[in-house]
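The values are calculated or read from the model by the stated rules, or taken from the named source; none is laboratory data. What you see is a predicted model, and the numbers here were worked out from it, not measured in a lab. Positions of Cβ are generated from backbone atoms using ideal geometry, with glycine treated the same way; all protein chains shown enter the neighbour counts.
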Amino acid sequence: MAQRRKQRLDEELKPSLVPPIFAAILSIIPGLGQAFARRLWRGLLLLASLGTIIGLTVWRFILAAPRDTGFMPIVRKAFRLQPLLIWVTVGLALIYIWNIIDAYVVAKNRRSNPTGLLFAILIVFFLLGWQIGEIDLVAMVTQADEAGPALGKVLWPWSRAINRPEEYIEARADILVPCTEDQASPLPPSREEGEPYLLSTPTCGSLSEQDGTTGSTLSLEGSGFVPGVDVAILWEDPIGNEFRQRQEGEYVVVSADENGEFAVDIIMPYRLLPPSAGEAAMIWEVRAQQVAAIGAPEASVELKLAVEKIIETIFIGMMATFFGILFAIPVSFLAARNLMSASPITLGIYFLTRTLLNIVRSIEPLVWAIICVIIVGLGPFAGILALTLHSIAALGKLYSEAIESIDPGPIEAIQATGANWLQTIMFAVVPQIVPPFVSFTIYRWDINIRMSTVIGFVGGGGIGFLLSQWIRLLDYRAAGIGVWFIAITVAILDYVSSEIRQRFV
């Protein structure tokens, strides 16, 4: 740090290669004036920043008006559709002018502070990020109410976690449509002790018509139902089609009283039959149907699946961590420069190992999961392979850095006794790296548990696979059960890992 500060001071003391006015003119190309004023890094930063901002701004203009041609038509349309681009353009112009002024000041006064200019660049990048990200706070606030019901189901899903066996309780009554003198109306159904019963008065009537003619009114009386449970009114037409009774746009539902009885007046519905049904009077059927919960409560299918898959998720993370440690430990010694710089051959192995670790680590576990699913198919094995690959690279890097930061004194002492490379590792390196290795391993275990829920979204097994299905089906209560299990599991594992860390680190 001190050496870097000294280099900066030496750079400030060196005179500019060009007069201030020339430096300003050269900065028509951003950063060139600063470079000739011997502020090379500032010039490169300005060139890269302004070049990036200009490129992004042009890209956003083209996207806003893809079918327009000509500079001004594109600009006008982009400003009209994306007003934020106006501020981006203004900020870009101000930074460009500021860049020219800064070159003049730097060439004239060697101790110019670039903080203001850098802050302005960050503001313009923020505005571009806002526009590229299509951030709409108004829509977020105004549409928040629409997410309320779904969010409530996710936050408290436990009504879906417990089920009771259900039983359909149903009573029926025949209705003659229409009433006619040629055919007698059906008799009321016979009443049986302990069985649900439905009585319609009258037992014949006319359907509602498409032209607005209201159908006959039926008075339905039911008994023998479960008290306090809703009863739905349904119909079955002569050709066997079932449908719910609607009245004023709502399904007709009535609640049975404490005696299991109800009474409701309904208007006969509109229903169009095919010509093959004929025009003669026919028997329709009105039903009172109740879904009642009976028996002891039991775990729902969703709860059982969530428990099964969260256990699978834990073991995916555990197995991936185990295999990751197994392969990362030997790789980390090959990736430690202080152990591999003894000869050009070992140094070449070091650079090759580091390069491979960086390549594997740069690819997210989600991408590795997709590749592994292609190779081994859907399931937890693909998830274990994906997390193992990423764990080897991540732990290999962390372990190697821990090895590089050890005290060289014990290594020199062991080597002075004539110990070989393996003996040096065993007696001088390993005792120093156990605490950081344990800490990094626990941290990686925590990451793997959390990542194993994500890779399930692409078929890598675990509870993430269930979660993706439930969300696609808009089954938010089932998804809430999965989210709760993930949160509880991560909290428990965090506590366990902290206890292990206190004992070994």
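Please indicate, with yes or no, whether at least one residue in segment 434-443 is farther than 26 Å from PHE381 by Cβ, in contact with a Leu (Cβ under 7 Å, 6 or more places away or on another chain) and either assigned by TED's automatic domain parsing to the domain that holds VAL373 or in a helix (DSSP H, G or I) (or both). No, segment 434-443 has no match at all. Scanning segment 379-392 for any residue that is at positive phi and either in contact with a strand residue (DSSP E or B) (Cβ under 6 Å, 6 or more places away or on another chain) or surrounded by fewer than 19 Cβ atoms within 10 Å (Cβ to Cβ) (or both) turns up at least one such residue. If you go through segment 208-225 and pick out every residue that is in contact with an Asp or Glu (Cβ under 9 Å, 6 or more places away or on another chain) and either over 15 Å from GLN245 (Cα atoms) or of a type in the set (Lys, Arg) (or both), you end up with 5. Within segment 376-405, residues that are over 25 Å from ALA336 (Cα atoms) sit with their Cβ atoms under 9 Å from residues that are hydroxyl-bearing (Ser, Thr, Tyr), at 6+ positions apart or across chains, in these pairs: PRO380/THR313; PRO380/SER452; GLY383/THR313; GLY383/SER452; ILE384/SER452. Could you tell me how many of the residues in segment 278-308 are in contact with a Lys or Arg (Cβ under 7 Å, 6 or more places away or on another chain) and under 17 Å from ASP475 (Cβ atoms)? So the answer is 2. Residues in segment 145-179 that are out of contact with any Ser or Thr (no Cβ under 8 Å at 6 or more places or on another chain), part of a strand (DSSP E or B) and not hydrophobic (A, V, I, L, M, F, W, C): GLU166, GLU167, TYR168, GLU170, ARG172.
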